[in-house]
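Worksheet for the structure shown next.
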Amino acid sequence: MKQCTHADALPHPEPEPSGETCPECLAQGTDPVQLRLCLICGHVGCCDSSPRQHATAHYKETGHPVMRTFEPGESWRWCFVDHVLV
């Protein structure tokens, strides 16, 4: 089974969220479907089910490899590089 090679390098504690919602969606007047938190810098972006997919765009722009869900009651993490749940 494939493993994430980036989780051990994540900052502790995890970064503070940059806000409560996706700032790019706010600026563009779109609604995020679900939110994701970058575990390197705290950027909050919308998921790939959202019209603009800002969390993935953030990864492509910065190379920050791991995000987690920013939805209440959920705790999973995803590594964009290794394409696995962490």
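Which distance in nm do the two modelled labels at HIS83 and THR21 give, with both placed 7 Å along the Cα-to-Cβ direction?
Spacing of the two 7 Å Cα→Cβ label points: 3.3 nm.
Hey, in the chain, which Cys have no second cysteine's beta-carbon closer than 4.7 Å?
CYS38, CYS41, CYS47
For the chain, what is the accessible area per residue in Å², given a 1.4 Å probe and the full set of protein chains?
Computed with neighbouring chains in place, this is 61 Å² per residue.
Roll a 1.4 angstrom probe over the protein heavy atoms and tell me the percent of accessible area of the chain that is carbon or sulfur.
Within the chain, the accessible surface is 51 percent carbon and sulfur.
Based on the alpha-carbon gyration tensor of the stretch 1-53 and its eigenvalue square roots a ≥ b ≥ c, which shape applies: rounded if a/c is under 1.5, prolate if not and a/b is larger than b/c, or oblate?
oblate
For the chain, what is the calculated [θ] at 222 nm in deg cm²/dmol (nearest 500), taking -39500 (n - 2.57) for each run of four or more DSSP H residues and dividing by its residue count?
After summing the helix terms and dividing by residue count, I get -4500 deg cm²/dmol.
If I model a spin label at SER49 and GLN28 as a point 7 Å from the Cα along the Cα→Cβ vector, what separation in nanometres do I get?
Result: 1.8 nm between the two label points.
Could you grab the relative contact order for the chain? Cα pairs under 8 Å, six or more apart, rounded to a whole percent.
For the chain, the relative contact order is 28 percent.
The values are calculated or read from the model by the stated rules, or taken from the named source; none is laboratory data. Bear in mind the structure is a predicted one, so any value in this text is a computation, not a measurement. Cβ sites come from the backbone with ideal geometry, for glycine too, and all protein chains shown count toward neighbours. For accessibility, only protein heavy atoms count, side chains too; no ligands or nucleic acids. Shrake-Rupley method; radii C 1.70, N 1.55, O 1.52, S 1.80 Å.
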